[in-house]
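Okay, structure first, notes after.
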Amino acid sequence: LTRIGEMAKLFGVTLRTLRFYEDKGLINPQRDGSTRLYTHRDKARLKLILLGRKVGFSLRDVKQMMDLYDPSGSNARQLKVALEKSEKQMARLQKQRALLDEAIADLSLSMDEARRMLAGNTAQQSAA
């Protein structure tokens with residue numbers, strides 16, 4: 001069992017984040033008085049939460065996917081939902097990437113033009 005401070009350090013999150021995820025029902029540490037004790041299951045769930053957040057899933061989506069897990073079943077429903085959500089998120093991320101690539105190209109052209117103008121001004125000033 002792992003205490004909250006160790007858990008936070010292990011995953012690079014704040015204590016507040018862990019308490020927030022607990023309040024949302026995403027993780028469910030055991031209690032020893034006021035001490036939170038995290039199990040292997042909590043660690044696995046936190047790893048999934050952080051991965052989900054990293055790739056842009058909402059906490060609601062992450063919770064929905066995790067709540068479908070059945071340790072004694074095939075988890076076909078969980079896998080199907082996760083795949084559907086992942087496909088939609090992949091499309092969103094690819095669209096964002098295309099927009100970012102376009103913005104980077106536009107900014108690069110603008111910067112190149114500003115550099116050319118500055119070089120021209122410098123050359124004119126040197127000639128004068």
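The values are calculated or read from the model by the stated rules, or taken from the named source; none is laboratory data. None of these values were measured; they are calculated from a predicted model. Glycine gets a Cβ as well: all are built from the backbone with ideal geometry, and neighbour counts include every protein chain shown. Please note that ligands, DNA and RNA were not included when accessible areas were found on the heavy atoms of the full protein model with its side chains. Shrake-Rupley method; radii C 1.70, N 1.55, O 1.52, S 1.80 Å.
Remarks
- Reported count of residues in the range 3-56, each being part of a loop (DSSP other than H, G, I, E, B), more than 24 Å from P71 (Cβ to Cβ) and over 21 Å from the mean Cα position of the chain (by Cα), is 2.
- Residue check for D61: surrounded by 16 or more Cβ atoms within 10 Å (Cβ to Cβ), touching a helix residue (DSSP H, G or I) at 6+ places or on another chain (Cβ under 8 Å) and more than 29 Å from Q94 (Cα to Cα): no
For every residue, the table says whether it meets (1) within 27 Å of M90 (Cα to Cα); (2) out of contact with any strand residue (DSSP E or B) (no Cβ under 7 Å at 6 or more places or on another chain); (3) of a type outside the set (A, V, I, L, M); (4) without any contact (Cβ under 8 Å) to a residue 40 or more places away in the chain.
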| site | (1), (2), (3), (4) |
| --- | --- |
| L26 | yes, yes, no, no |
| Q30 | no, no, yes, yes |
| A44 | yes, yes, no, yes |
| G52 | yes, yes, yes, yes |
| M65 | yes, yes, no, yes |
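- Which listed residue is within 20 Å of V13 (Cβ to Cβ) and open to solvent by 30 Å² or more (accessible area, probe 1.4 Å), from R77, R41: R41
- Residues satisfying the stated conditions in the range 44-58, i.e. open to solvent by 40 Å² or more (accessible area, probe 1.4 Å) and not hydroxyl-bearing (S, T, Y): A44, K47, L48, L50, L51, R53, K54, V55, G56
- Residues being touching an Asp or Glu at 6+ places or on another chain (Cβ under 9 Å) and of a type in the set (S, T, N, Q) - total across the range 81-96: 1
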